[in-house]
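The structure under discussion appears below in the form of structure tokens.
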Amino acid sequence: MISAELFCDELEQRGFSLASGVPCSFFGGPIALLSRTPGRYVPAANEGNALAVAVGAALAGCRAYVMLQNSGLGNLINPLTSLVMTYRIPVLTFVSLRGQPDPADDEPQHAIMGPTTRPYLDMLGVPNWTLRAGDDEERFRELLNTAIGSMSAGHAPFICVEKGVVARVTENHIDQDGRLDSGEAVRVIAKLAGDAPIIATTGYTGRELFGIDDRPANFYMQGSMGHASSIALGVALADLQRKVIVLDGDGAALMHLGALSSIGFLNPPNLVHIVLDNGVHESTGSQATTSATTRLDQVAAGCGYRSTRTCRTLPEVTEAVTAALTSPGPHMCVIPTRRRQNPLPPRATSAHSPQSLRSRFTATLNNTTESASSEG
Ligand SMILES: Cc1ncc(C[n+]2csc(CCOP(=O)(O)OP(=O)(O)O)c2C)c(N)n1
């Protein structure tokens with residue numbers, strides 16, 4: 001294992017003055033260290049943005065690197081192929097290998113990307129190497145020098161990183177006094193939901209909902225970060241008489257903010273969009289999102305949502321969700337929450353396979369019995 005300090009220092013010594021990315025817990029240490037100095041790390045909304053930031057820095061003569069989880073590789077493929085590779089812009093990317101070496105040891109949403117991340121890069125002709133858990137500092141330096149050689153030859157190399165390669169650092173998190181407990185807010189929402197389907201975003205939110213009120217009408221979206229509100233839009237448009245609730249996170253909502261514009265444009269009266277805004281990507285180690293400087297309620301209003309509000313107390317949550325479920329939307333409720341203090345329940349997939357979560361949700365929406373829909 002190498003220290004986070006060494007990871008950042010070796011890159012800085014080689015002239016890398018800027019980093020960007022979307023967090024993976026594997027890079028929690030470097031992101032925490034870099035974030036202590038304003039301007040050294042750009043918390044990008046999504047992985048494609050992160051790569052483009054590094055491209056801009058490279059065009060301006062700086063060396064820059066990107067850190068991402070392999071679940072976000074798809075978000076980066078477009079600017080990688082059409083921008084970085086086409087214009088031959090030298091940037092360095094570190095991609096974590098969730099779901100590797102044994103996909104069965106990780107969560108189901110990593111099972112496909114785990115074994116295919118490196119073949120994907122090979123297929124694109126992107127030079128790549130892997131840092132393994134047992135690799136030492138010398139191996140890291142050697143790979144950095146090789147990658148820089150490849151950048152000089154006009155490539156945009158990748159270093160794939162297995163679990164346990166870079167150590168974490170202990171952070172003192174800023175106070176979040178005055179923010180609501182997300183579990184209490186979810187409990188209120190689940191109680192008010194009645195029969196309404198709830199689509200829960202990736203991260204801790206789905207686990208929280210699963211622990212509080214597991215029911216077939218809950219769709220726990222593990223993975224697919226940023227897409228919960230679009231799934232809810234599809235469900236809402238399929239039957240405008242049925243209320244649909246989406247429980248989003250700030251990091252996830254920001255990742256695909258354009259979804260809010262589609263919701264405003266289609267204007268489904270039955271959609272209730274709730275964002276639990278804790279200001280961080282809590283489930284990957286509480287790295288800051290950019291929600292501190294973005295008023296998501298105002299963004300939603302600007303996108304055409306019929307009502308938007310920020311709820312700072314439980315009575316306000318009750319009032320807002322009750323009103324949203326009984327009046328035409330789309331509605332947005334932003335709930336500033338604090339990082340979770342209590343141990344979280346396990347993931348929904350500890351009790352149900354992804355296919356059975358899908359089939360029981362579909363059965364609920366279509367008033368069919370679960371056995372009528374296939375598991376496969
Ligand atoms: C495309 C993609 N990029 C990165 C990740 C890794 N990841 C999983 S959850 C998460 C953070 C989600 O943040 P937020 O929506 O604020 O929810 P919280 O973790 O705070 O509950 C990240 C970055 C992912 N699953 N998918």
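Observations, loosely collected:
- Candidates in region 170-188 are the residues that are within 15 Å of the ligand (Cβ to nearest atom) and hydrophobic (A, V, I, L, M, F, W, C); of these, the one that is nearest to the chain's Cα centre (by Cα) is VAL186.
- Of residues in region 216-250 being part of a helix (DSSP H, G or I) and open to solvent by less than 10 Å² (accessible area, probe 1.4 Å), the one farthest from PRO108 (Cα to Cα): ALA236
- Filtered residue count, region 100-144, keeping only those that are part of a loop (DSSP other than H, G, I, E, B) and over 26 Å from LEU80 (Cα atoms): 7
- A single entry from ALA54, ALA44 fulfils the requirement of being modelled with pLDDT of 95 or more and more than 17 Å from ALA288 (Cβ to Cβ): ALA54.
- Residue-level check: of (1) closer than 23 Å to LEU365 by Cα; (2) assigned to a strand (DSSP E or B), ILE189 misses just (2).
- Filtered residues of region 199-215 (kept if open to solvent by 30 Å² or more (accessible area, probe 1.4 Å) and part of a strand (DSSP E or B)): none
For (1) of a type outside the set (A, V, I, L, M, F, W, C); (2) more than 24 Å from ALA324 (Cβ to Cβ); (3) touching a residue at least 12 places away in the same chain (Cβ under 8 Å); (4) surrounded by 15 or more Cβ atoms within 10 Å (Cβ to Cβ), each residue gets a yes or a no:
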{"site": "GLN100", "(1), (2), (3), (4)": "yes, yes, yes, yes"}
{"site": "THR117", "(1), (2), (3), (4)": "yes, yes, yes, yes"}
{"site": "ILE148", "(1), (2), (3), (4)": "no, yes, yes, yes"}
{"site": "VAL161", "(1), (2), (3), (4)": "no, yes, yes, yes"}
{"site": "ALA167", "(1), (2), (3), (4)": "no, yes, yes, yes"}
{"site": "ASP175", "(1), (2), (3), (4)": "yes, yes, no, no"}
{"site": "PRO197", "(1), (2), (3), (4)": "yes, no, yes, yes"}
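- Each residue in region 32-87 was checked for being closer than 18 Å to SER150 by Cα, open to solvent by 10 Å² or more (accessible area, probe 1.4 Å), aromatic (Phe, Trp, Tyr) and in contact with a strand residue (DSSP E or B) (Cβ under 8 Å, 6 or more places away or on another chain), and 0 of them qualify.
- Note on region 278-308: residues that are farther than 27 Å from LEU344 by Cβ and open to solvent by 20 Å² or more (accessible area, probe 1.4 Å) amount to 11.
- For SER150, the criteria (1) part of a helix (DSSP H, G or I); (2) farther than 30 Å from GLU138 by Cβ; (3) away from the ligand (no atom under 12 Å from the Cβ) hold in every case but one, which is (2).
- Among the residues making up region 327-347, a single one is among the aliphatic types (A, V, I, L, M) and surrounded by fewer than 23 Cβ atoms within 10 Å (Cβ to Cβ): LEU344.
- The strands (runs of 3 or more DSSP E) found entirely in region 37-99 that carry 2 or more residues being away from the ligand (no atom under 14 Å from the Cβ) and more than 18 Å from the chain's Cα centre (by Cα) are 63-69.
- Hey, ARG14 charged (D, E, K, R) and within 26 Å of HIS227 (Cα to Cα) or not: no
The values are calculated or read from the model by the stated rules, or taken from the named source; none is laboratory data. Being a predicted model, the structure only gives us computed values, none of them experimental. Positions of Cβ are generated from backbone atoms using ideal geometry, with glycine treated the same way; all protein chains shown enter the neighbour counts. What goes into the accessible areas is simple: the full protein's heavy atoms, side chains included, and nothing from ligands, DNA or RNA. Shrake-Rupley method; radii C 1.70, N 1.55, O 1.52, S 1.80 Å.
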